[in-house]
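Take a look at the structure set out below.
The values are calculated or read from the model by the stated rules, or taken from the named source; none is laboratory data. In this text, all values refer to a predicted model and were calculated from it rather than measured experimentally. Every residue, glycine among them, receives a Cβ derived from its backbone with ideal geometry; neighbour counts consider all protein chains shown.
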Amino acid sequence: MVFQYVLANLLAHNDHALGALFLDGTGETVDLACGTDFSPYEMRVIGAYLGIYLRQLERLLASNDLGEARMIHIEKKALHIYVVPLPEGYHLALVQGHPAMVAHARETMALAVEQLRQELFAG
C-alpha cells in the first residue's frame, strides 16, 4: 500500500523520528513505521491515545464554531507529536524525540499529507 511507503519515507527523513502512524477516525492504527526506540505496540498505544485526544479536540472545536484543526503539535518533555487530519476522518502522525527539528518535521508532514491525499483520497 502507498501509505507504507509514505510512512517509511517520513520516518527516514526526520532526525530523531521514533515512529509514523496512519490512523483511522477512532485512533486505531491502520499502519505504522517504527524506529528502533519504540516497539509497534508502543506506537499503537500512542495512536490510541491520540484518537481520544483528537475526538475531544474535534468536539471542542465544533461546539464553539472554531473550524477544523490543520495541524496539532503536542510537545512533551522527551517527545514531539505532530498530527495532521486527512479526508474521511483519517490522520497522519509523526512521533519525534528531542531535539526536534520542528520546521523540518512540519515540511515533511505536509509532503506526506499531499502524497496520501493524491494516492488515497483523490476524486
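General observations
- Search result, residues across segment 3-14 that are surrounded by fewer than 15 Cβ atoms within 10 Å (Cβ to Cβ) and within 15 Å of His91 (Cα to Cα): Gln4
- Among residues of segment 67-109 being among the small types (Gly, Ala, Ser) and closer than 17 Å to His13 by Cβ, the one that is modelled with the lowest pLDDT is Ala100.
- Segment 15-32, residues that are surrounded by 20 or more Cβ atoms within 10 Å (Cβ to Cβ) and either modelled with pLDDT of 90 or more or touching a strand residue (DSSP E or B) at 6+ places or on another chain (Cβ under 7 Å) (or both): Ala17, Leu18, Gly19, Ala20, Leu21, Phe22, Leu23, Thr29, Leu32
Quick grid of which residues meet (1) assigned to a helix (DSSP H, G or I); (2) not β-branched (Val, Ile, Thr):
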| site | (1), (2) |
| --- | --- |
| Thr36 | no, no |
| Ala48 | yes, yes |
| Gly51 | yes, yes |
| Val84 | no, no |
| Leu94 | no, yes |
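- The set of residues from segment 71-105 being more than 14 Å from His16 (Cα to Cα) and within 12 Å of the chain's Cα centre (by Cα) comprises Met71, Ile72, His73, Ile74, Val83, Val84, Pro85, Leu86, Tyr90, His91, Leu92, Ala93.
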